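One structure is given below, encoded as structure tokens.
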Amino acid sequence: MSKQTTTLRPFGWRDKVGYMIGNIGNDFTFIFASLYLQVFYTDVLGIAPGLVGTMFLIARIVDAFTDTAMGRICDKAKATSNGKFKPWLLRACGPVALASFLMYQTFTTGSSMTARVIYMFVTYLLWGSICYTAINIPYGSMASVISNEADHRASLSTFRGVGSMIPQTLVGVVMPMFLYTTLADGTKVANAKAFPVAALVMSVLAASCYIVCYFLCTERVKVAEESKSVSFGETVKALVSNRALIGIALVFIFYLGASMLNQVINSYVFKDYFGNTLGLSVMNAAGFLPTLILAPLAVPLARKFGKKELGIFAAGLGAVAFGTLFIIKTPNMWVYTIINIIGMLGFGLFNLIIWAFVSDVIDDQEVQTGTREDGTIYAVCSFSRKVGQAIASALGGWSLGLIGYVEGSLTGQSVAVQNSIYNIATLVPAILYFCVAFCLAVVYPLSKKKVAENTDILKARRG
């Protein structure tokens, strides 16, 4: 496949800021769901956590088909005057915002459990497996056609990571003040009336951000039409033989599993173990400091040491931090918060560079096969992320059920349940972060040297 970069506005701040705002739109609904959707299901709708976890896994099976289908649609679609991937931002921003809003409605609370479970399944699948997929796959794929320069792509990844701090601030720091209420005996419970209002705010903000991203970003790398059609079977065969894709897919699964599980269970840790949701807001607020500190250094560090090498260090730091928390079993909320923030240094650094890995894998696939399939490869990575999220949600839901968590309780949880919640929030992320470091070191082959070689090969091919 050949492609060329046409004469367009040079890559610059407008693209980086626009791409960052697009991820802000993604994360307004994604982070809100990651942090509070399980709490909404268990404590507002009164659905058993084990059933919630099962639903998340079923949704990921559906995603195996919808994500890859959307990737193929993007790759096969003809480019418009505004690009190949950008138009999907306008097409899908309304549906994904509406679907997110529908998930948090409370009118079924007086209905039968069957009705509540059906509503949970239908609205979650509509949002996560259809609407979010329809906008997230094109958005993520777009990074590889905004520029073909390695440093530009690394900067897009960095800005994407920085962009996640804004919704994390609003969702992680501000929302707990509204989504929880304190009873007369000091027990923290979910505020059912606040969820639909918060969901509406998140949806409107998300749609607005997607529109801004559309107008600020420019697709520069023009992909020529294929002279022959590549079948889905040929694509699958090429993908499963791509060690770099397999490696980064495993990394995404373990990485998202670790970070999302920690976020999901921390809502219960602070509510039930520490009995203070203010601590959750403080930790979420302070947790952004590592990203702010590391953001200006991410591209220079990646250039000097390599993304793979930097990722191994970052994941290792996360594993050590959460392993330490598990071992010391601290009853002090501030000790827990500080060590969490140290672990977030690794999480923050990894989050700033992780999307640049995907562009490297896309290049590697093109070097090996001569075919460029940005959308399909990003779809595999997106599906891997959702698998990681599902693992986190399922483990969270199943483990809460196994330890005897009482959903919707107005009297709090037993001491044994509180201690078990703490153990889940620390030991499991430590293990998963170790798996991230292992996969990068052993499975993923794209070292700093290999990425440079692939870049030179593709530049030579394109003349």
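Scan segment 210-221 for residues that are open to solvent by 20 Å² or more (accessible area, probe 1.4 Å) and not in a loop (DSSP other than H, G, I, E, B) and jot them down.
First, the residues of segment 210-221 that are open to solvent by 20 Å² or more (accessible area, probe 1.4 Å): 211-212, 214-216, 218.
Within segment 210-221, Ile211, Val212, Tyr214, Phe215, Leu216 meet the criteria.
Exactly one residue out of Ala425, Ala416 is at pLDDT 80 or above, assigned to a helix (DSSP H, G or I), surrounded by fewer than 24 Cβ atoms within 10 Å (Cβ to Cβ) and not polar (S, T, N, Q), and it is Ala416. Of the residues making up segment 141-183, those that are of a type in the set (Val, Ile, Thr) and under 25 Å from Glu366 (Cβ atoms) are Val145, Ile146, Thr158. Condition test on Met120, is it crowded, with 24+ Cβ neighbours inside 10 Å, modelled with pLDDT of 90 or more and not polar (S, T, N, Q)? No; evaluated as a whole, the condition is false for this residue. Of the residues in segment 379-390, at least one is under 21 Å from Ala315 (Cα atoms) and of a type in the set (Val, Ile, Thr). Of the candidates Phe357, Phe350, the single residue that is under 22 Å from Ala64 (Cβ atoms) and among the hydrophobic types (A, V, I, L, M, F, W, C) is Phe357.
For segment 343-392, filtering for residues that are among the aromatic types (Phe, Trp, Tyr) and open to solvent by less than 10 Å² (accessible area, probe 1.4 Å) leaves 3. Is segment 123-131 home to any residue that is of a type in the set (Val, Ile, Thr) and either in contact with a Phe, Trp or Tyr (Cβ under 9 Å, 6 or more places away or on another chain) or assigned to a helix (DSSP H, G or I) (or both)? Checked against the condition, which is being of a type in the set (Val, Ile, Thr) and either in contact with a Phe, Trp or Tyr (Cβ under 9 Å, 6 or more places away or on another chain) or assigned to a helix (DSSP H, G or I) (or both), segment 123-131 yields at least one hit.
The numbered conditions (1) more than 18 Å from Thr123 (Cα to Cα); (2) open to solvent by 60 Å² or more (accessible area, probe 1.4 Å); (3) touching a helix residue (DSSP H, G or I) at 6+ places or on another chain (Cβ under 8 Å) are all true for Leu51 except (1). Entry remark, segment 67-93: residues being in a helix (DSSP H, G or I) and either over 23 Å from Ala199 (Cα atoms) or open to solvent by 40 Å² or more (accessible area, probe 1.4 Å) (or both) number 14 in total. Any residue at all in segment 104-116 that is more than 21 Å from Asp27 (Cα to Cα), β-branched (Val, Ile, Thr), open to solvent by less than 40 Å² (accessible area, probe 1.4 Å) and not in a loop (DSSP other than H, G, I, E, B)? Looking through segment 104-116, none of the residues is more than 21 Å from Asp27 (Cα to Cα), β-branched (Val, Ile, Thr), open to solvent by less than 40 Å² (accessible area, probe 1.4 Å) and not in a loop (DSSP other than H, G, I, E, B).
Elements of the type helices (runs of 4 or more DSSP H) sitting completely within segment 227-314 and holding at least 3 residues that are in contact with a strand residue (DSSP E or B) (Cβ under 9 Å, 6 or more places away or on another chain), modelled with pLDDT of 75 or more and open to solvent by 30 Å² or more (accessible area, probe 1.4 Å): there are none. Counting only residues that are under 18 Å from Lys304 (Cα atoms) and of a type in the set (Lys, Arg), which one in segment 433-463 is nearest to the chain's Cα centre (by Cα)? Going through the qualifying residues, I end up with Lys448.
The values are calculated or read from the model by the stated rules, or taken from the named source; none is laboratory data. All values derive from a computational prediction rather than experimental measurement. Methodologically, a virtual Cβ is constructed for each residue, glycine included, from the backbone with ideal geometry; neighbour enumeration extends over all protein chains shown. SASA here: full protein model, heavy atoms, side chains in, ligands and nucleic acids out. Shrake-Rupley method; radii C 1.70, N 1.55, O 1.52, S 1.80 Å.
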